[in-house]
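Trainee: Following this message is one structure expressed as structure tokens.
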Amino acid sequence: ANQYADVISSAPATELETRLVNELGEESAAEVARELAEDLTVDSTSFDEVRKQALSWAINLADNLFCKSIEKLLEEHPIDSLDEDGEPFWSGSRKPPTAISLPSSPDDSIDENLLSFVQHAARLRVETFLGASS
């Protein structure tokens, strides 16, 4: 989204919308718009609020990357699906991925790598808005 800073600051919204759709396609343009909306709603005067928003953003990012996208891929290509040549889709160098879910209750275990991802992503998000000393 940062690469569009000049366009955002100097162009009317319709021009930005047209440019994003033309360059990225509709789905990616919508994702950039969602990210921009999140970025513009951050109130950097409240450290606690930025920290909460960053943590929420990092949890959603992890869920989208490591759970929802994997589930979508497995819906499109089930374990027993065949490719265009009639061979099993998940064979050779293509191994079926496993979705990593966030715990649904405090008693559930959490994947340490997922926890680390969320912690680091949230910290980077906070540092983006408040600086590295935060």
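The values are calculated or read from the model by the stated rules, or taken from the named source; none is laboratory data. Please read all numbers here as calculations on a predicted model, not as lab measurements. When we count neighbours, we look across all protein chains shown, and the Cβ atoms used for this are built from the backbone with ideal geometry, even at glycine. Each accessible area value is taken on the protein alone, full model and side chains, heavy atoms only, with ligands, DNA and RNA left out. Shrake-Rupley method; radii C 1.70, N 1.55, O 1.52, S 1.80 Å.
Trainee: Per 0.36 nm of contour for each residue apart, how much would the distance between THR18 and LEU65 grow if the chain were fully extended, relative to their Cα-Cα spacing?
Mentor: The THR18-LEU65 span can extend by a further 14.2 nm.
Trainee: Kindly report, to the nearest 10 Å², the accessible surface of VAL126 as traced by a 1.4 Å probe over protein heavy atoms only.
Mentor: Its accessible surface works out to 10 Å², give or take rounding.
Trainee: Which trypsin sites (Lys or Arg not before Pro) from region 56-122 combine a DSSP loop assignment with at most 16 other Cβ atoms within 10 Å? Could the numbers behind the result be given before it?
Mentor: Details: sites: LYS68, LYS72, ARG94; in loops: ARG94.
Passing both the DSSP loop test and the Cβ count: ARG94.
Trainee: For region 80-134, which GluC sites (Glu not before Pro) are in a loop by DSSP, counting at most 13 other Cβ atoms within 10 Å?
Mentor: Numbers: sites: GLU84, GLU112, GLU127; in loops: GLU84.
Sparse-neighbourhood loop GluC sites (Glu not before Pro): GLU84.
Trainee: Please give, to one decimal in nm, the separation of the simple spin-label points placed at LYS72 and LEU102, each 7 Å out from Cα toward the Cβ.
Mentor: 1.7 nm
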